[in-house]
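Notes to accompany the following structure.
The values are calculated or read from the model by the stated rules, or taken from the named source; none is laboratory data. None of the values given here were measured: they were computed from a predicted structure. Please note: Cβ atoms are built from the backbone with ideal geometry, for glycine as well, and neighbour counts cover all protein chains shown. The protein model used for the area step is the full one, side chains on, heavy atoms only, and it has no ligands, DNA or RNA in it. Shrake-Rupley method; radii C 1.70, N 1.55, O 1.52, S 1.80 Å.
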Amino acid sequence: MSDSTAIAHGTAEAHHEHPPYQRHHFETIAQQNDATNFAMWLFLLTEIMFFGGLFTAYLIYRNWYYPAFVQGSHQLQIGWGTANTAVLITSSFTMAMGVWSAEMRKKGALVLCLVLTFTLGLVFLGIKTIEYSEKIEKHHVPGFHYSVQSFVDPASDPEVYNEYHDKPLALDMARHTELYFFLYFAMTGMHALHMIIGIAILGFMIFRARAGAYTTGHVTFVENFGLYWHFVDIVWIFLFPLLYLINRHPLAH
Amino acid sequence: MAHDIPHEQHFHDPANVTNPEHAEHHIVLPLEYSFVFGTLLLCTALTVFAATRDLGVFNPIVALAIACFKGVIVILFFMHVKYQSNLIKMTVGAGFFTFLVLITMTLSDYISRAWGLW
Amino acid sequence: MSHISPIIWQFLVKWMTNFALFPPEASKIAPQMDALYFFMVLVSLVGLTIVILLITSFSILYSKKRHPVAVQIEGSTLLEATWTIIPLGLFLVMFVWGALLYFRIYTPPANAMNIYVVGKQWMWKAEHPGGQHEINALHVPTGRPIQLTIISQDVFHSFSIPAFRVKREAIPGRYTSVWFEATTPGTYHLFCTQYCGTDHSHMIGDVVVLTPEDYKKWLDGSTSGSSLAQNGERLFASLSCAACHNTRPDARGPSLANVYGSRLTLSSGQQITADDAYLREAILNPSQHITQGYAPIMPTYQGQISEEGVIDLVEYIKNLDSDYRVQQTTASTTLLPEGEGNTTKAPVAPGANQRAPQGMVKQ
Amino acid sequence: MSDTIVTLPDQSTARIPKMNYLTKENGLLSWLLTGDHKRIAILYLISISFFFFVGGSLAGLIRLELLTPQSDLMATDTYNKVFSMHGIIMVFFFLVPSVPATIGNFIIPMMIGAKDLALPKVNLLSWYLYVAAGILALYTMASGGVDTGWTFTTPLSTHYVNTHVLTTGMAVFIAGFSSIFTGLNFIVTIHKMRAPGMTWFRLPLFVWAHYAASILMVLGTPVLAIAIVLMALERTVGIGVFDPTKGGDPLLFQHLFWFYSHPAVYIMILPGMGVISEVISTFSRKRVFGYTAVAFSSVAIAVFGFFVWAHHMFIMGISNYAVLIFSLLTMLVAVPSAIKIFNWAFTLYKGSITFETPMLYAFGFMGLFTIGGMTGVFLGASGTDIHLTETYFIVAHFHFVMVGGMLMAFLSGIHFWWPKMTGRMYPEKISQLAAVVTFIGFNLTFFPQFILGTLGMPRRYASYPPEFQILNVFSTAGASVLGVGYLLPVLYLTWSLKYGEIAGNNPWQATGLEWQVQSPPLTENFPEIPIVDHEAYDYEWLERQKEKEVASVG
């Protein structure tokens, strides 16, 4: 049973003509791979719809409270955001290379790729932590002593003010930045949660890959995890412009 | 185990003899991955740059267009959809279609509300 | 046994005397609604009869006894097209008919008399323009279109008068409206039909339809002294609205005389008609409702005025047809110091850690 | 000529096959760790029946309370909790998983000629999620319940009630994932596990219906999940997304909630329609009239189902123009249901009809679903919706569809496949009686509610004006008849487990692949994977098979 996977392992009866990782109810290994791959895609569909609810909320409130969203987004550091995008894209690349290594049965390369992906995932979360702690310091976490100070009096926040010279928002609009920050935390938080789950599975996979589990021809698990990881990457590819780049040209609005 | 060369086995297709839902496994080469990776980094730089220019209403459109492009190439190459069966292509399409239904039908209400701020 | 049968008898008598298939038709829209309703009932009955006839006749004709060997039939495109197109056509007729009714019920005529309704857990509060307040009751005259402007102070409620065939949800944070013209004097049910918590089923009342003469008598007999507009005027003064909304040439806010019903151009360039909903929003979320040419300096009154207060203000502004009253108010209030509002600071300077008011709290 | 098609083996010699999925392994653990779709189906059947009777008892309490106009049996608060829990349990713990997780789970792999569902472990996981969610819901009920209604309407659920909204929300969230996994499993199985020769247009319509329902489960349920997460955050942290005083819109919750919950009614009814297709065909010995139209109407319902959700919000303040769009689309979604009804009716034409219990339930379904469907049009037309929505009319409407439709179909299916599941027959006469009692009780319970609704009686009222009492008394009386109708099958079906006649492979002479193997089936369903060379409902093929068997034996 050394070739079992987390998705497909069970009462593998001794079929002489089949590889040991083939489940008894599949006729061929191709059918099994096709089925698990398709199942993974269907699972990703549910993920699309799950994030879909948040994107809908984002679109509505962004259009209602555009000034609040613009100034809220000015609180995010574009440098960190860009860095994180690059980190995540790189991790996607290393993951893709990992899939290739598994397909080519290169155990060393696979382990290396998985370790790199794992590390880059942690780097991403590290940067996210820095960004979150900044929000906590400025009381920009919705629901927890939320402060509109930076928006009704931008000059009190010189770092951001010197870059964008935002005009003060009226109090009612300033209060709506809370909605922006809620969506920021909900969307990036949900994304980070997916990253954490992914990193945990990666850790498990590194352990298994070192034992040679994925480099004997049965790559479905690595492939399917790759799909998950790339999906999480795609979510971020959309979150980055939507949350960070709403309106970044100084003195323009 | 007599499977030395990966994915060379040609089993008969169990579901149907000529099942269009099954595509042969295609291995994407590292060079292709590298190109995609480079394009993605380039696009990231481009989208950040575009955000610093004042393009009026086109700012979000450009940003989203670049994001869509990035998403599509990740799906096509990193996620191998380009080499997958029509079934997988349709599945991906169905997901984004339903996503768009959720958004556009909801917005149809918000846009046409009299009290709306659109 | 002997005491049960009288109970059943009583039930039957009560039922036979009260039996009805639909509620009384007491508004102008009611017969129109019933016409569509009975059309639908008719179509349903015909459809149901066809289905039942098909099932029973086939069951009898082709039971195994009579018809031991089934004849395999592929299907029939013609028949299938028939029962696709005929229902579709009928449904489309119902759609158009229904939509016409819907727009009629939710588009009040311009000459309608407006009554405000505030829903809260668990009562209905109706406010007549003359200042008459009613709890869980609504007095209306016959022969006159009545518009209800409805809002909820807490959760969703729904203002339902079955005898009028109208119903409208009371939504927190937004006015909705519905109208009717009562035709038959009498007392009718008023229900809250949207589930709203513990005493949902006690959020009921009476709609009393009076002849115009009786209605006038009722109005005179139950006036509370000051009209909504008068209350609004007091509020307008105490909130120092006239500090900006005065008629001076250098006024920081636009004049409000005759603003109701006019077309406004907002600072975003958007054209908008100033209706009740706009006035309400402009008081509570002013920054998105600034008239073109004015600075976005108006403070928000969110959380500071109750829904009734907002209604008073809206009613006051609606009835402002000259600047005279405002000038009177201006004279009696101390103005803010000159220059206030010209700085970049917001007029209501919040403290360093000012919190937005906590969500909705029960009032 | 007998008036039945039931052909049972000679009872004196017949035996239940020694090797079958029930006897393969023994012990509780072999059930709790099973990957066998049939065993998981049985686990689901037991747990779902349990929740049905929990929900049913709550319904009984509701009807008892409504016997009198005053709220005298329980306080209004208690009444609110009772109907909320009734809705939550019936919708999320009975109707959504009812046919798919039990009959679908059991039958679909066999119908398409597969040894199991594609993902057996995921299937088991989905049952465990269901049980976890169910226990959480029961815990909630025991510790005080929830009184938001099953719709969790904001801002009531987020700011105004002090009951267990969060735990209930979590239960629904988890149950949602159970449903997602079931649907996902079905889609993969139907695509990837079909036997050689089993093309799409040879699939039984039961499979088509489940395919359509599964699409809805996979694509709709996550939106419910996110709606519940947002509601929970709004309630705990006060994020403002549904709070008008903070600039949020309470209607957004309605949009997200109904984006799932309207398709959910198709998740509930479509599998039932699948059952009816099988039953009607089998007992009229005839292929389903217009197979393609019925198959595609299932898919059409699934696709249109995503475009109509806002018809639950016509009077809630969505824009009048959106009302137009959604009302029009609602009319379109009514058409495929009409197609199905007429195609089933014409399946009877020139058939050779017998009236076994499943067929009686199916007839009940057709009548009641026609009423339920037509009254849906009353509510889909925006004008009449104003008067009828939020009254007992809507209660009657969805009970006609859900109870008159889905529950009838569920019972029809259970009776139809019971011999396959257990290898034994139930007593026919008493089961026919149960079907008739259910039908009568149902009509007596819910038909008066249409009149009540038209008269204006609002739903979710613990007390009501006295003039509505008579009709409510009828309704409560009907409910007690209905209760008997539901209890009877539990009794005789349990009895039949031990004392029922041996059913043999194919007591109904049905054509599905599941009927061509022993009852109860082997763990791996088929001794060898069948090669399919005929269409679904091909009774001539069945005759030839029988002749062949006789020839080979002789």
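Data for the structure
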{"quantity": "Long-range neighbours under 7 Å by Cβ, at least six apart or interchain, first residue assigned by TED's automatic domain parsing to the domain that holds C:ALA137 and touching a residue at least 24 places away in the same chain (Cβ under 8 Å) within the stretch C:206-224, second of a type outside the set (D, E, K, R) and in a helix (DSSP H, G or I)", "calculated": "C:LEU210/C:TRP218"}
{"quantity": "Meets criteria (of a type outside the set (S, T, N, Q), at pLDDT below 85 and not in a loop (DSSP other than H, G, I, E, B)) for C:ILE283", "calculated": "no"}
{"quantity": "Pair list, Cβ < 7 Å and 6+ apart or interchain, from the stretch D:158-171 residues that are without any contact (Cβ under 8 Å) to a residue 12 or more places away in the chain to residues that are open to solvent by 40 Å² or more (accessible area, probe 1.4 Å)", "calculated": "D:TYR160/C:LYS362"}
{"quantity": "Cβ-Cβ under 6 Å pairs, at least 6 apart or on other chains, the stretch D:477-505 side free of Cβ contacts under 8 Å to residues at least 40 places away in the same chain, far side open to solvent by 30 Å² or more (accessible area, probe 1.4 Å)", "calculated": "D:GLY478/D:LEU444; D:ASN505/D:GLN518"}
{"quantity": "Pair list, Cβ < 6 Å and 6+ apart or interchain, from the stretch D:511-536 residues that are under 21 Å from D:TRP200 (Cβ atoms) to residues that are open to solvent by less than 10 Å² (accessible area, probe 1.4 Å) and β-branched (Val, Ile, Thr)", "calculated": "D:GLU514/D:ILE107"}
{"quantity": "Among (1) in a loop (DSSP other than H, G, I, E, B); (2) open to solvent by less than 20 Å² (accessible area, probe 1.4 Å); (3) touching a residue at least 60 places away in the same chain (Cβ under 8 Å) - the single one C:SER255 does not satisfy", "calculated": "(2)"}
{"quantity": "Filter result (more than 7 Å from every other protein chain (Cβ to nearest Cβ) and β-branched (Val, Ile, Thr)) within the stretch D:342-355", "calculated": "D:THR347"}
{"quantity": "Among the candidates D:TRP515, D:TRP495, residue that is more than 14 Å from every other protein chain (Cβ to nearest Cβ), surrounded by fewer than 18 Cβ atoms within 10 Å (Cβ to Cβ) and part of a helix (DSSP H, G or I)", "calculated": "D:TRP495"}
{"quantity": "Members of the stretch A:32-59 that are farther than 14 Å from A:HIS191 by Cα, among the aromatic types (Phe, Trp, Tyr) and more than 8 Å from chain D (Cβ to nearest Cβ)", "calculated": "A:TRP41, A:TYR58"}
{"quantity": "Selection count where residues are at positive phi and of a type in the set (A, V, I, L, M, F, W, C), scope the stretch D:522-554", "calculated": "0"}
{"quantity": "Filter result for D:SER480 (open to solvent by less than 30 Å² (accessible area, probe 1.4 Å) and either modelled with pLDDT of 90 or more or touching a Gly at 6+ places or on another chain (Cβ under 7 Å) (or both))", "calculated": "no"}
{"quantity": "Per-region count, the stretch D:204-245, residues open to solvent by 10 Å² or more (accessible area, probe 1.4 Å) and polar (S, T, N, Q)", "calculated": "2"}
{"quantity": "Given (1) open to solvent by less than 20 Å² (accessible area, probe 1.4 Å); (2) within 27 Å of D:MET231 (Cβ to Cβ), index of the condition A:ARG175 fails", "calculated": "(1)"}
{"quantity": "Every residue from the stretch D:533-554 that is under 19 Å from C:GLU74 (Cβ atoms) and of a type in the set (A, V, I, L, M)", "calculated": "D:ALA536, D:LEU542"}
{"quantity": "Cβ-Cβ under 8 Å pairs, at least 6 apart or on other chains, the stretch C:52-77 side facing another protein chain (nearest Cβ under 7 Å), far side open to solvent by 100 Å² or more (accessible area, probe 1.4 Å)", "calculated": "C:LYS64/D:MET1; C:LYS65/D:MET1; C:PRO68/D:MET1; C:GLN72/D:GLU540"}
{"quantity": "Yes/no for D:VAL122 being part of a helix (DSSP H, G or I), surrounded by fewer than 24 Cβ atoms within 10 Å (Cβ to Cβ) and away from every other protein chain (no Cβ under 11 Å)", "calculated": "no"}
{"quantity": "The listed residue being open to solvent by 80 Å² or more (accessible area, probe 1.4 Å) and either more than 20 Å from C:ARG104 (Cα to Cα) or within 26 Å of the chain's Cα centre (by Cα) (or both), out of C:THR56, C:THR17, C:THR49", "calculated": "C:THR17"}
{"quantity": "Of residues in the stretch A:125-145 being charged (D, E, K, R) and in a helix (DSSP H, G or I), the one most open to solvent (accessible area, probe 1.4 Å)", "calculated": "A:GLU137"}
{"quantity": "Members of the stretch D:421-464 that are touching a Leu at 6+ places or on another chain (Cβ under 9 Å) and on the phi > 0 side of the Ramachandran plot", "calculated": "D:GLY423"}
{"quantity": "Criterion (under 35 Å from the mean Cα position of the chain (by Cα), assigned to a helix (DSSP H, G or I) and of a type in the set (Phe, Trp, Tyr)) met by exactly one of C:PHE91, C:PHE11", "calculated": "C:PHE91"}
{"quantity": "Options D:PHE416, D:PHE439, D:PHE446: the member that is out of contact with any Cys (no Cβ under 9 Å at 6 or more places or on another chain), of a type outside the set (Lys, Arg), within 14 Å of chain C (Cβ to nearest Cβ) and buried (at least 17 other Cβ atoms within 10 Å of the Cβ)", "calculated": "D:PHE439"}
{"quantity": "Any chance D:ALA14 is outside any helix (DSSP H, G or I) and among the aliphatic types (A, V, I, L, M)", "calculated": "yes"}
{"quantity": "Unmet criterion (only one of (1) open to solvent by 10 Å² or more (accessible area, probe 1.4 Å); (2) facing another protein chain (nearest Cβ under 8 Å)) for A:TRP80", "calculated": "(2)"}
{"quantity": "Number of positions in the stretch D:342-374 that are open to solvent by less than 10 Å² (accessible area, probe 1.4 Å) and assigned to a helix (DSSP H, G or I)", "calculated": "14"}
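Conditions (1) within 14 Å of chain C (Cβ to nearest Cβ); (2) closer than 15 Å to B:SER108 by Cβ; (3) in a loop (DSSP other than H, G, I, E, B), marked per residue:
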residue	(1), (2), (3)
D:MET268	no, no, no
D:SER277	yes, no, no
D:ILE280	yes, no, no
D:ALA302	no, no, no
D:HIS312	yes, no, no
D:ILE318	yes, yes, yes
D:VAL333	yes, no, no
D:LYS340	yes, no, no
